[in-house]
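Engineer: Below is one structure. I have some questions about it.
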Amino acid sequence: YEMARKNAKNFFSNQHKLPIVISHQYGMPCIFFPTLSPSSPHNSWVGLHAVKRIDPSPEGCVLTLTTNQQLTLDISYTTMLKQYANATLLYRHFKKEQQVLVHEAFF
């Protein structure tokens, strides 16, 4: 966890609630992002690959998973979108790094 957090911190600089790369298999990163501070006992980790849709709700937001299961979370819609966007940025960064490595290994 600490190494994954350190790698994310290198990319994002000084941010809280960083998404992290848990693993990567066949070039596909497994990225999770926290709903709250990772040190909070109420925090939940969400897999980027499992998110189908995020909608606002009076309670916070509704997260629809790729399985069509819906979860109502006590986190603002705006915050959830930011967390999702950060995880997507980390995904794109990881994919670019992988392409560079494959390209360099080819030559």
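Engineer: Consider the range 40-79. How many of its residues are within 21 Å of ILE20 (Cβ to Cβ), open to solvent by 40 Å² or more (accessible area, probe 1.4 Å) and not in a strand (DSSP E or B)?
Structural biologist: 6
Engineer: Answer with yes or no whether PHE32 is in contact with a strand residue (DSSP E or B) (Cβ under 7 Å, 6 or more places away or on another chain), at pLDDT below 95, surrounded by 11 or more Cβ atoms within 10 Å (Cβ to Cβ) and not acidic (Asp, Glu).
Structural biologist: So PHE32 fits the description; yes.
Engineer: Let me ask something else about it. Please verify whether the range 7-24 includes one or more residues that are among the aromatic types (Phe, Trp, Tyr), in contact with a Pro (Cβ under 9 Å, 6 or more places away or on another chain) and in a strand (DSSP E or B).
Structural biologist: Within the range 7-24, none of the residues are among the aromatic types (Phe, Trp, Tyr), in contact with a Pro (Cβ under 9 Å, 6 or more places away or on another chain) and in a strand (DSSP E or B).
Engineer: Check whether at least one residue in the range 9-25 is over 16 Å from THR66 (Cβ atoms), at pLDDT 90 or above and surrounded by 11 or more Cβ atoms within 10 Å (Cβ to Cβ), and report yes or no. Talk me through it step by step, then tell me what you get.
Structural biologist: Filtering the range 9-25 for residues over 16 Å from THR66 (Cβ atoms) gives 9-25.
Okay, now just the ones that are also at pLDDT 90 or above, so none.
Scanning the range 9-25 turns up no residue that is over 16 Å from THR66 (Cβ atoms), at pLDDT 90 or above and surrounded by 11 or more Cβ atoms within 10 Å (Cβ to Cβ).
Engineer: Another question about this same structure. Return yes when LYS82 is modelled with pLDDT of 85 or more, among the charged types (D, E, K, R) and out of contact with any helix residue (DSSP H, G or I) (no Cβ under 6 Å at 6 or more places or on another chain) and no when it is not.
Structural biologist: So LYS82 fits the description; yes.
The values are calculated or read from the model by the stated rules, or taken from the named source; none is laboratory data. Because the structure is predicted, anything quoted here is derived from the model rather than measured. In this analysis, Cβ positions are derived from the backbone assuming ideal geometry, glycine residues included, and neighbour counts consider all displayed protein chains. With ligands, DNA and RNA removed, areas are computed over all heavy atoms of the protein, side chains included. Shrake-Rupley method; radii C 1.70, N 1.55, O 1.52, S 1.80 Å.
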